[in-house]
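Trainee: Below: one structure in structure tokens.
Bear in mind that the values in this text are calculations on the coordinates, not laboratory data. As the structure is a prediction and not an experimental result, all values here were calculated from the model. Please note: Cβ atoms are built from the backbone with ideal geometry, for glycine as well, and neighbour counts cover all protein chains shown.
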Amino acid sequence: MVTLLVDEVGPSLAFYRDVLGFAEAYRTSLVDPVHVELELAGVRLALSARAAGEADHGLALPPGPPQAVVVLWCHDAGEAYDELVEAGAPSVSPPHDAGPNRVAFVSDPAGHLLQLVSRIDAA
């Protein structure tokens with residue numbers, strides 16, 4: 001899944017849902033969601049408010065053009081984080097709990113964010 005970071009979820013949600021035909025698979029709240037996951041023909045895409053990423057995960061996101069986050073679901077986000085950092089991936093945000101998930105962020109050599117996610121009860 002790829003997460004697109006947006007300033008406002010609403011306009012992007014309307015475009016992907018109403019114009020491109022994506023169906024909502026998940027949203028954080030019924031009113032003014034800060035994160036929505038969409039699906040079309042087996043392709044999953046998420047829209048997440050830039051401010052929520054900063055507040056919820058302590059990310060310092062630079063202003064500028066839209067950004068994307070590559071989301072990698074794994075068995076244990078903390079273990080995957082440790083392995084990637086040991087292999088040389090820059091740490092962006094160490095493992096932490098976010099709702100039912102354990103989450104961590106690293107970046108690739110070009111600076112793209114990789115979010116490592118696992119269910120807390122599965123880790």
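Trainee: Please state which one of ARG50, ARG44, ARG17 is closer than 21 Å to HIS96 by Cα, of a type outside the set (A, V, I, L, M) and surrounded by 13 or more Cβ atoms within 10 Å (Cβ to Cβ). Break it down into steps so the answer makes sense when it comes.
Mentor: On the way: ARG44 fails: closer than 21 Å to HIS96 by Cα; ARG17 fails: closer than 21 Å to HIS96 by Cα.
Residue meeting the stated conditions: ARG50.
Trainee: I'd like the full set of residues that are exposed (fewer than 12 other Cβ atoms within 10 Å of the Cβ) and under 19 Å from ARG102 (Cα atoms), limited to the stretch 61-85. Please lay out each step first, then the result.
Mentor: Pass one, the stretch 61-85, residues exposed (fewer than 12 other Cβ atoms within 10 Å of the Cβ): 62-66, 75.
HIS75 - this is the single residue of the stretch 61-85 that is exposed (fewer than 12 other Cβ atoms within 10 Å of the Cβ) and under 19 Å from ARG102 (Cα atoms).
Trainee: Now for a separate question. When you go through LEU84, LEU72, LEU59, LEU20 one by one, which is the residue that is over 20 Å from PHE105 (Cα atoms) and either in contact with a Phe, Trp or Tyr (Cβ under 6 Å, 6 or more places away or on another chain) or touching a residue at least 12 places away in the same chain (Cβ under 8 Å) (or both)? Don't jump to the end; show me each part of the working.
Mentor: Details: LEU84 fails: over 20 Å from PHE105 (Cα atoms); LEU72 fails: over 20 Å from PHE105 (Cα atoms); LEU59 fails: over 20 Å from PHE105 (Cα atoms).
Exactly one of LEU84, LEU72, LEU59, LEU20 is over 20 Å from PHE105 (Cα atoms) and either in contact with a Phe, Trp or Tyr (Cβ under 6 Å, 6 or more places away or on another chain) or touching a residue at least 12 places away in the same chain (Cβ under 8 Å) (or both), namely LEU20.
Trainee: Quick one: in the stretch 1-39, of everything that is part of a loop (DSSP other than H, G, I, E, B) and within 13 Å of the chain's Cα centre (by Cα), which residue is farthest from VAL69 (Cα to Cα)? Reasoning before the result, please.
Mentor: Restricting attention to the stretch 1-39, the residues satisfying the condition of being part of a loop (DSSP other than H, G, I, E, B) are 1, 7-8, 20-22, 28-34.
Keeping just the survivors that are within 13 Å of the chain's Cα centre (by Cα) gives 1, 28, 34.
Details: MET1: 9, THR28: 18, VAL34: 15 Å.
Of everything passing the filter in the stretch 1-39, THR28 is farthest from VAL69 (Cα to Cα).
Trainee: Just checking, does the stretch 40-55 include any residue being part of a loop (DSSP other than H, G, I, E, B), without any contact (Cβ under 8 Å) to a residue 12 or more places away in the chain and not polar (S, T, N, Q)? So that I can check it myself, show each step before the final result.
Mentor: Start the filter on the stretch 40-55 by keeping residues that are part of a loop (DSSP other than H, G, I, E, B), which leaves 41-42.
So of that shortlist, the ones also without any contact (Cβ under 8 Å) to a residue 12 or more places away in the chain come out as 41-42.
If we keep only those that are not polar (S, T, N, Q) as well, we get 41-42.
Yes: one or more hits.
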